[in-house]
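Novice: Submitted below is the structure of interest, expressed as structure tokens.
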Amino acid sequence: MTDAPARAGQPLTIAALFVSPWDHEFANVDAGRVPSHRLFGMHELAARGHRVLHHARSTRPNRGLGTGWRLSQVLWLLRVQRDVDVVIATHEAAALPALLLHRLGLVRRPVVVMTVAALDATSRHGFAGAVHRAALRGADVVSVFASAQLEPLARRLRRSRDRVRWVPLGVDTSFFAPRDVARDGGVLSVGTNAGKDFPTLMAALPRDAVCTVVTDAWNRGQAEPSARGRAVTFRSDVAIAELRELYARAEVMVLPLRESEMSSGQTVLLENLAMGTPVIISDVSGVTDYLDPEVMCVVPAGEPAPLREALDDLTWRERSRRGPGLVAARFTTEHLASALEDIALGLVNRSPDRGQGRPVEDSSPTLS
């Protein structure tokens, strides 16, 4: 017998896909050691009454996270897919096994793909770009964190706009909340990937400024030549609890951005706004949805002079008091989960195949 389709307010069974075995992060979120947005709304969907399954770490040794991990996901999906309502991949790289099976007709449930670098991936030349374009065309819905990416991605995938959706990023406001500590940490700048522009920050820094930059090796190499002789400290791989402490003590957080096809800057921006940290951010299309000049200081991208002016005169910092309210109103993990829930229910209610087969006996951890 086929179950009736899920309706608004009724629970779904969701197969959640991550880029690697993610058991430790589920445990860490439950223990309050890391923010729940590391689970991209799955924790909050479970809190709404939905059953969230995810692929547990294999008992066999896993050689890296490439072919072996994807094969493991394929086998898991084939086992559980008849007994779930929807598959949600939390990153385009995590979606490839599901999308391959979906195109072959072996996974008949709707597949939703949350993307971070879909434009970048689908713009690549050769085989890699062709694979990403072909795979993402098979998704029922592809979501992006920047509305500026909607039209170009729909064109690149040759899909209608209703197949590409903007889902606002949300952060865990219980983990990132205002704290009553001295803001004695100087200038702080945090972020990785090619969307960051630390050379512009180095050019704009006042000579007497003390600055900490938390980034990756590539960005450090870009910034270090112009940081010589300055009070600039570069760090990497900072644990999230320590990073939260840096946010709380920063005199000002600077997010220097350049135009990029990747989502960049949004998470660090929202985490700091939620804590009431004063933020200076570059005005680029990838963060337009999250900008409010009444809450943060917005400067032109790639121009040291306006950034230097904002660092020299910090009278605008009073705006940061409104940061927690902005995040609470629009950009929490609950907002993220609500948007995903609407997409999933819309797809499931159109699907003729929901609930065939007997309930799965699954050993993977679930959220409840």
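The values are calculated or read from the model by the stated rules, or taken from the named source; none is laboratory data. Keep in mind that what you see is a predicted model, and the values were worked out from it rather than measured. FYI the Cβ positions are ideal-geometry reconstructions off the backbone, even for glycines, and counts take in every protein chain you see.
Novice: Which one of 305, 344, 339, 310 is in the same structural domain as residue 22 (by TED's automatic domain parsing), of a type outside the set (Ser, Thr, Tyr), modelled with pLDDT of 95 or more and within 29 Å of residue 258 (Cβ to Cβ)?
Specialist: Result of the check over 305, 344, 339, 310: 339.
Novice: Which one is nearest to residue 37 (Cα to Cα) among residues in region 276-299 that are out of contact with any strand residue (DSSP E or B) (no Cβ under 9 Å at 6 or more places or on another chain) and either buried (at least 17 other Cβ atoms within 10 Å of the Cβ) or not acidic (Asp, Glu) (or both)?
Specialist: Ranking the candidates gives 276 first.
Novice: If you go through region 76-90 one residue at a time, how many are in a helix (DSSP H, G or I) and of a type in the set (Val, Ile, Thr)? Before the answer, list the steps.
Specialist: Here is the first cut: in region 76-90, the ones in a helix (DSSP H, G or I) are 76-83.
From the residues that got through so far, the ones that are of a type in the set (Val, Ile, Thr) too are 80.
Residues that pass the stated criteria total 1.
Novice: I've got another one for you. With (1) closer than 27 Å to residue 35 by Cβ; (2) in contact (Cβ under 8 Å) with a residue 24 or more places away in the chain; (3) not charged (D, E, K, R) as the list, and residue 302 as the residue in question, which single condition is left unmet?
Specialist: For residue 302, the failing item is (1).
Novice: Filter region 22-43 down to the residues that are crowded, with 17+ Cβ neighbours inside 10 Å and part of a loop (DSSP other than H, G, I, E, B) and list them by number.
Specialist: Listed by number, the residues that qualify are 22, 34, 35, 40, 41.
Per-residue answers, yes or no, for (1) farther than 23 Å from residue 90 by Cβ; (2) among the small types (Gly, Ala, Ser):
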residue: 209; (1), (2): yes, yes
residue: 234; (1), (2): yes, no
residue: 239; (1), (2): no, yes
residue: 245; (1), (2): yes, no
residue: 253; (1), (2): yes, no
residue: 267; (1), (2): no, no
residue: 271; (1), (2): no, no
residue: 300; (1), (2): yes, no
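Novice: Of (1) over 30 Å from residue 33 (Cα atoms); (2) among the charged types (D, E, K, R); (3) in contact (Cβ under 8 Å) with a residue 24 or more places away in the chain, residue 172 satisfies all except one. Which?
Specialist: Every listed condition holds for residue 172 apart from (1).
Residue-wise test of (1) farther than 29 Å from residue 39 by Cβ; (2) in contact with a Cys (Cβ under 9 Å, 6 or more places away or on another chain).
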{"position": "224", "(1), (2)": "yes, no"}
{"position": "231", "(1), (2)": "yes, yes"}
{"position": "238", "(1), (2)": "no, no"}
{"position": "241", "(1), (2)": "no, no"}
{"position": "251", "(1), (2)": "yes, no"}
{"position": "261", "(1), (2)": "no, no"}
{"position": "268", "(1), (2)": "no, no"}
{"position": "272", "(1), (2)": "no, no"}
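Novice: Using the structure shown, decide if residue 176 is crowded, with 20+ Cβ neighbours inside 10 Å and under 30 Å from residue 341 (Cα atoms).
Specialist: For residue 176, the condition - crowded, with 20+ Cβ neighbours inside 10 Å and under 30 Å from residue 341 (Cα atoms) - is met.
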